[in-house]
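The values are calculated or read from the model by the stated rules, or taken from the named source; none is laboratory data. This structure is a prediction, so every number in the text was calculated from the model and none was measured. Only protein heavy atoms, including side chains, enter the accessible area calculation; ligands, DNA and RNA are left aside. Shrake-Rupley method; radii C 1.70, N 1.55, O 1.52, S 1.80 Å.
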Amino acid sequence: MPDHVVAGLLEIVKDVIRPGAALYDADNDQLTFLGRRYLVEVDIGGVHRRSSLVLEELHDWIPRLHQLASTPFLIVGRRDDSASFVQTYRGSPLDPDCETPTYTLEFADGSPDRLYTTELDDPAWVADLIWDWIEDRWDRLYRLSWQRYGTRGMVPVMSLRDELNHVT
């Protein structure tokens, strides 16, 4: 097929295929996800770095962080704000191959004194919450029990919405 025909056909396929699907380019051995892609900085265990992200990648990577890097963490940062990020750490360093690990989910909201943390046990939920943070959707994040790192240790947060002064 001529290249000019393929380009037009690709646009039609993108319009009709379901969200979350991917196209495989056999010539370049590359999988391209068709869902919404965000330009963010991604760091997987200090080993893999990406400059964009789709939800399906989060769902793939988070349960396998211990296989992707010896330090099983993932950090997603905004390109225009180095002081804001969301990150997760899989399991315990003492038991990296645990079948049912917990995930520490943390985010920083623009300054070192605004670092919040919680723990979850479902990697799909962690992926969805990181995606919520990327899309600046806070409803599900507000419902979790958070603690803030303070100068005297962890401080329970009564209302994340009030603490962050977010307007919905």
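Observations, loosely collected:
- Anisotropy class of the stretch 103-147 from Cα gyration tensor, a/c 1.5 cut: oblate
- Think of a 1.4 Å ball rolled over the protein heavy atoms: the stretch 99-168 then has 58 Å² of accessible area per residue.
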